[in-house]
Structures are given as structure tokens and as C-alpha cells.
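> Supplied in C-alpha cells, the structure appears directly below.
The values are calculated or read from the model by the stated rules, or taken from the named source; none is laboratory data. What you see is a predicted model; the values in this text were computed from it and never measured. Every residue, glycine among them, receives a Cβ derived from its backbone with ideal geometry; neighbour counts consider all protein chains shown.
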Amino acid sequence: MWLLVGLGNPGAQYARTRHNIGFDVVETLAARHGLEFGGKRANSLLAEGKVAGQRVALVKPQTFMNLSGQAVAALRTWYKVDAAREILIIYDDLDLPFARLRFRERGSAGTHNGMRSIVQQLGTSDFARLRIGIGQPPGKMDVAAYVLSRFSKEEAEQVPDLIATAADAVDLVVREGLVVAMNRYN
């Protein structure tokens, strides 16, 4: 089973912001595979079903970004998944140029507070992640304001393709494994 977790913040005011791109990817996956976010567990919205014959739970934590680890840890226990082999976290990353994708099998949380929470709550950094580049804030713009902002007009034109490509990459992980996806998308 795969626990596919898209990070974001709940609420309409955060929809389509840079920080919510993880939510956008799991919503796209749900639509592609005829799954609906109807379930609730561990302070998360869930869409359960199959992708490429594999059981999956698509997850949108409702804890707000900085407490994402509470939801992920509770769901790991509920579904009895192995973090190192069956969890994939999908999130925005300031340290990657806009529209760049990067898979990792493990690693530090970096400056991302949602990832810090997940590492702390799981007690390990050994879990897969898909980082989606949102680039650095312009000038001296506050980082928090930047990640909670909407994409520029030029970026917004590319976002649908970016989300679709990220969803393709996650589909590949489920079908053929993380190493294959890393070789294709990194």
C-alpha cells in the first residue's frame, strides 16, 4: 500500500498558493483514478482506492502545514505502512527553481516546516519525497508571504502542466518504483 501525502493548508484562502501544490497534485491523482476525497481520518481528508493495481490512500492533512507530522504519523499507524517503503510526501520547495521536480528516498527536512514536523513525528527521515520547485522569493520578500502567495501570471500559465507532470511522476512511482521515477524525473 502507498500513503501518498500532498502537503498544503486547509481553507479556500490557501487554494492555488505555492504552499498548496502538494494538495493540487493529490487532487489531480484522485480525479485521474476516479477517487474522491470523502473519507476523514487522523485530521486528514482521504481518497482511497487503487492506482496501477496498488492500494493507495491519497492524503490532504488538515492540520495546517506546520503540524503535518501529526496527521502523517497517525496515518502510518492506522494503515500499518513502512515509512521507508510506503510513504511518499509531495510538497513545495523554495530551494528548487520553479517547475523543477526532484525525488529523494530520504533526507533532511531542509527549511520546510511541514517536513520538519513529519520527520519529528515519524522519528525518521527515511521516507520518499517529491519536491516541487517554487523558486525563491523576489527581492527581500518575506518567505512566509511568498509561499502563501499565488503564482505570478507567467508561472500560473505553467502550473497546470507542472501539476500534471508531478502526478505522472507519482503514478510512475506506484507502477514501477521510486528508482525508476528518480531516473526519469530528477
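> Evaluate the following for Val25: is it part of a strand (DSSP E or B), in contact with a helix residue (DSSP H, G or I) (Cβ under 7 Å, 6 or more places away or on another chain) and either surrounded by 17 or more Cβ atoms within 10 Å (Cβ to Cβ) or not small (Gly, Ala, Ser) (or both)?
no
> Next question, about the same structure. Can you name the residue in the stretch 96-110 that is in a loop (DSSP other than H, G, I, E, B) and in contact (Cβ under 8 Å) with a residue 40 or more places away in the chain and, of all such residues, is surrounded by the fewest Cβ atoms within 10 Å (Cβ to Cβ)?
Looking at the filtered set, the residue picked out is Glu105.
> Pairs needed: first member in the stretch 152-174, touching a residue at least 12 places away in the same chain (Cβ under 8 Å) and closer than 24 Å to Glu105 by Cα; second member anywhere, of a type in the set (Phe, Trp, Tyr) and part of a helix (DSSP H, G or I); C-beta distance under 9 Å; at least 6 residues apart or different chains.
Close Cβ pairs (under 9 Å, with a partner that is of a type in the set (Phe, Trp, Tyr) and part of a helix (DSSP H, G or I)) amount to Thr165/Tyr185; Ala166/Tyr185; Ala169/Tyr185; Leu172/Tyr185.
> Then there's this: Pairs needed: first member in the stretch 111-124, surrounded by 18 or more Cβ atoms within 10 Å (Cβ to Cβ); second member anywhere, among the aromatic types (Phe, Trp, Tyr); C-beta distance under 8 Å; at least 6 residues apart or different chains.
Pairs that qualify, where the first residue is surrounded by 18 or more Cβ atoms within 10 Å (Cβ to Cβ) and the partner is among the aromatic types (Phe, Trp, Tyr), are His112/Tyr91; Gly114/Tyr91; Met115/Tyr91; Ile118/Phe127.
> Counting only residues that are modelled with pLDDT of 95 or more and among the polar types (S, T, N, Q), give me the helices (runs of 4 or more DSSP H) lying completely in the stretch 133-186 with at least 2 of them. So that I can check it myself, show each step before the final result.
Working: elements: 143-147, 153-176, 178-185.
Per the criteria, 153-176.
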